[in-house]
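Okay, so here's the structure we're looking at.
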Amino acid sequence: ALPCLHIRDYPATAERGYYFDVTRGRVPTLDYLKKLASRMAYYKLNQMQLYIEHSFLFRDLSEVWRDDTPLTAEDILELDAYCRNLGIDLVPSLSCFGHLYKLLRTKTYSHLCELPDPEKEPFGFYSRMCHHTLNVTDEESMNLVMKLCEEYMALFTSRYFNIGADETFDLGKGASKEEAEKMGTDRLYIDFVKKVCEFVVSKGKIPMFWGDIICSFPQFIHELPKETICLNWGYAPDQSEDSIRKVAQAGAVQYVCPGVSGWNQFINQLEDAYENIRRMCAYGRKYH
């Protein structure tokens with residue numbers, strides 16, 4: 001009789017996600033997103049985060065999406081069910097602080113921008129990376145964020161919700177400058193992120209946020225709800241472990257988030273991407 005061979009295989013990393021940006025360039029169709037999910041399943045990825053700025057058909061926000069072909073609630077519901085059948089957790093990701101270029105250029109919401117008169121500047125793809133931060137000293141900003149979060153998260157069965165909160169370049173430089181001088185930009189930042197995270201928790205979800213800003217003051221992480229997950233990104237081929245170590249030492253739960261090095265060029269820089277992913281995955285194993 002032939003000997004019986006048993007193979008026991010399992011992934012070294014429990015959460016293996018792909019972050020898909022549907023805000024820069026063309027908005028993908030539902031068919032494309034399903035094909036992406038199927039390819040992810042083939043490679044045994046188990047989480048897809050769908051990143052939205054202006055490319056979802058929010059109620060009462062036609063000023064934002066009217067020049068685009070936004071995803072609809074029906075699209076999200078169908079994609080969520082499709083991903084679930086493949087063993088993929090479809091996680092909503094919504095800009096709630098920075099990266100709100102199109103929203104803050106509208107007549108209705110331009111007054112909530114940190115910097116003045118964003119709607120008067122000509123549209124530019126490069127400019128989209130600037131002048132896009134909410135004025136957190138205006139209570140209306142938080143009300144708007146809660147409204148958008150509630151509408152978007154209701155379409156997903158995932159227990160996670162990514163609030164973004166990265167690259168808030170303009171914070172403390174315009175409408176909030178006076179408050180920033182009194183209490184510090186770091187305090188302005190963490191207080192607003194905390195409010196958004198607490199709102200997400202109140203809705204029964206686990207908040208996630210990008211860690212690039214808080215890595216400068218990781219001691220504030222403990223002020224966030226205990227459920228919060230820090231998404232610690234770094235895309236350089238020689239990426240160091242410093243930020244991962246700082247966040248780990250601060251006691252936070254974190255994901256390491258490498259990149260495919262495909263921005264501002266026609267194709268990805270594969271060697272840089274491979275080395276970045278290799279390093280970041282090693283840091284993830286090291287710091288759990």
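Quick notes on this structure:
- For Trp210, net neighbour charge (Lys/Arg +1, Asp/Glu -1) across residues whose Cβ lies under 9 Å away: -3
- Whole-Å semi-axes of the stretch 1-115's equivalent ellipsoid (Cα gyration tensor): 39, 15, 10
- Structural size metrics of the stretch 176-288, computed from C-alpha coordinates, are Rg and Dmax of 15.9, 46 Å.
- Per-peptide average of other Cβ atoms within 10 Å, ordering 177-183, 260-266, 242-248 highest first: 242-248, 177-183, 260-266
- Quarter the surface of the alpha carbon convex hull of the chain and you get the mean projected area, 17.8 square nanometres.
- Just checking the listed ones, Arg16, Arg59, Arg128: in the Gaussian network model of the chain with Cα springs under 10 Å, the one fluctuating most is Arg59.
- With only Cα atoms counted, the stretch 245-284 has Rg and Dmax values of 12.7, 39 Å.
- Within the accessible area of the stretch 179-288 (1.4 Å probe), percent carbon and sulfur: 53 percent
- Taking all protein chains into account, the per residue accessible area for the chain stands at 54 Å² (1.4 Å probe).
- Of all DSSP beta bridges in the chain, antiparallel share, percent nearest 5: 5 percent
The values are calculated or read from the model by the stated rules, or taken from the named source; none is laboratory data. All values derive from a computational prediction rather than experimental measurement. Quick reminder, even Gly has a Cβ in these numbers, built from the backbone with ideal geometry, and neighbours come from all protein chains shown. Surface areas here come from the heavy atoms of the whole protein model, side chains and all, with no ligands, DNA or RNA. Shrake-Rupley method; radii C 1.70, N 1.55, O 1.52, S 1.80 Å.
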